[in-house]
Amino acid sequence: MTKKPFMNFTIDHTTMLFHPNLYRLSYVVFRIIFGTTPDDLLYEKKRKGQNGEKDVSMTYATRVGTWEPKERDPLPTIFAIVQPSEPANQPSHVREMLDGHSNVAHVQHLALRTPDLLGFYEHCLERGVQFVTPILKDDHENLIQVFSGEWFLPGGKSSGFFFEFLQRDPSDKELEIIQKANKQTWFRDETFLGLYAEKEREYQSGKVRSFLSEELFNAIIAKLGDKQVYEITEDDLAAIEKLMIETTAKAKAAKA
């Protein structure tokens, strides 16, 4: 079959549906963790409040980056498809993700590309983002990648949704730093199978790691109070970022 020119697709946007508390938290995460600015907010739409109540934020869209394609740095659009491959009588976190949400299809994770994964990773760790793997090296594709914890409410059911962050064409110096941290080199099969095995361990143990700790999640929601997304100010975000850094540092010191 010949590929037609109109079949050359790229991802325009991704739509995610969130519980109200995750919805508000997502705005904080996009602003503080992903570094979006007010200029990146493409739209924010409200539903008129009833009986004199304030308007309710319905949806917002934010830009998280703009890339200029280069000949040596292509921006491919890729789908990675996974099915539950274990026998029916054996545990399978993939099957649980599907059956547990009564779905036959499920968006498991979004892969976001960054030009500096090590810098972004340290930025995330300082602000309390939790990861299920160290930074892994994919030798076949010449990329490095790391996978975050899942997005779900404290004490609630895991959602099966998380982020992958990746960088293509890492430098020798960056690879040396990763190898020292991991005490080994990670190759193509180990990146996928390593993630797969870790998610299997999480689901069978019943302890799925979340994107932010329960303590930090609750602290941010308490700080927001009853504010809608359109009411969150720059001062609010600065105070929340300070809270994230201090809470994370305190938790790290307690484990030392």
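Miscellaneous remarks
- Residues whose placed amide H lies under 5 Å from that of Val132, excluding near-sequence neighbours: Phe147, Ser148, Gly149
- Choice from Glu241, Glu141, Glu53 with maximal GNM fluctuation in the chain (Cα, 10 Å cutoff): Glu53
- Considering only alpha-carbon pairs that sit under 8 angstrom and 6 or more positions apart, the relative contact order computed for region 1-89 is 22 percent.
- Using C-alpha pairs under 8 Å with a sequence gap of at least 6, the mean separation divided by the residue count of region 42-144 gives a relative contact order of 11 percent.
- For region 153-158, 3J(HN,Hα) computed residue by residue from phi via the Karplus equation (6.51, -1.76, 1.60; θ = phi - 60°) reads 6, x, x, x, 6, 4 Hz, glycine and proline entered as x.
- Alpha-carbon centroids, region 225-249 and region 155-182: separation in whole Å: 26
- Of Ala238, Ala61, Ala88, the residue with the greatest mean-square motion in the GNM of the chain, using alpha carbon springs below 10 Å, is Ala88.
- Beta bridges assigned by DSSP with both partners in the chain are antiparallel in approximately 75 percent of cases.
- Three-way shape call for region 1-97 based on the alpha-carbon gyration tensor, with the a/c threshold at 1.5: oblate
- Gaussian network model of the chain, springs between alpha carbon atoms under 10 Å - residue of Arg168, Arg31, Arg95 with greatest fluctuation: Arg95
- Near His109, once Lys and Arg are set to +1 and Asp and Glu to -1 for all other residues with Cβ below 11 Å from its Cβ, the sum equals -1.
- Which of Gln145, Phe217, Val132, positive extreme of dipole for the chain (C-beta unit charges): Phe217
- Mean separation of Cα pairs under 8 Å and 6 or more residues apart, divided by the residue count, gives the chain a relative contact order of 19 percent.
- Cβ-derived FRET efficiency at R0 22 Å, Asp73 paired with Glu122, nearest 0.05: 0.45
- Once the Cα-Cα distance is subtracted from the 0.36 nm per residue extended length, the Ile11 to Lys45 segment shows a gain of 10.0 nm.
- Amide H partners (placed H, <5 Å) of His109, local residues excluded: Phe162
Since every read-out is calculated from the coordinates, none of them should be taken as a lab result. Please read these numbers as outputs of a predicted model, since none were measured by experiment. A quick note on method: Cβ atoms are made from the backbone with ideal geometry, for glycine too, and the neighbour counts reach across all protein chains shown.
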